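Heads up: the structure comes next, in structure tokens.
The values are calculated or read from the model by the stated rules, or taken from the named source; none is laboratory data. What you see is a predicted model; the values in this text were computed from it and never measured. So basically every Cβ, Gly included, is an ideal-geometry build from the backbone, and we count neighbours across all protein chains shown. These area figures cover heavy atoms from the full protein model, side chains too; ligands, DNA and RNA do not enter into them. Shrake-Rupley method; radii C 1.70, N 1.55, O 1.52, S 1.80 Å.
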Amino acid sequence: MTVPDTPYQVRRAPTQYRASRQIERILDAASRVVTEKGFAGTTTADIAKSAKVSIGSVYRYFPDKVAVMKAVVERNSARYQRRVDEETTAMPSHRWREAVEHAYDIYVDMCRGDDGFRALSGAGIASGELESTAAGVEDPLSPAFAQMLTARFDFPASPELRTTMLQAVTIGDVLTRLAFRLVPGGHPETLAQTKRIIVDLLAPHAP
């Protein structure tokens, strides 16, 4: 059995399938614990206990709690990117608006259906704390939108688009957090308005 790729930043790359699966269990456990206790209340020992591994096993792959949480964000982003690619790949270039709307719907759906995704994404309870402690933690919306628009919908890869992308993702992040604070599953009117704002911001850059 081949060892699956581990795309996260780890201290030691797994050489056996069992070790790779252990990393996934650690990340699953981190998602559960941070959802229950919040980022500040979560410890490495909590993660190890939830994953049913020794704390030494956690430290074998991650130097601290922040590194574990960053790996969860990286995994969330990859899962989101794959789903966006799969569900929008057949859309023709003139249907970019529909693709952007659907990409945002996927994001909201994943926030609703996966507590770990919501807790450690732009709409999450821990995102602000991660941003202040770990450089390079990026909301999954931004790279997914950039890849989709420039590679598949012929948007120019310009500095202006990057600035607008940052604006759209920041506004989307803040309003999506608000929607989930207002209503457990996301306030429908706030989510709909967020989607409209993102599309309207990106529209001037359409080819």
Inset, instruction - Starting from residues that are free of Cβ contacts under 8 Å to residues at least 40 places away in the same chain and charged (D, E, K, R), keep the ones in region 187-207 and report whichever is least open to solvent (accessible area, probe 1.4 Å). - result: Asp200
Legend entry - Segments classed as helices (runs of 4 or more DSSP H), wholly inside region 48-125, with at least 2 members that are closer than 27 Å to Phe180 by Cβ: 65-88, 96-113, 115-119
Legend entry - Filter result (assigned to a helix (DSSP H, G or I), within 20 Å of Asp115 (Cβ to Cβ) and open to solvent by 80 Å² or more (accessible area, probe 1.4 Å)) within region 150-186: Arg181, Leu182
Inset, instruction - From Val66, Val84, grab the single residue that is open to solvent by less than 50 Å² (accessible area, probe 1.4 Å), at pLDDT 85 or above and more than 30 Å from Ala192 (Cα to Cα). - result: Val66
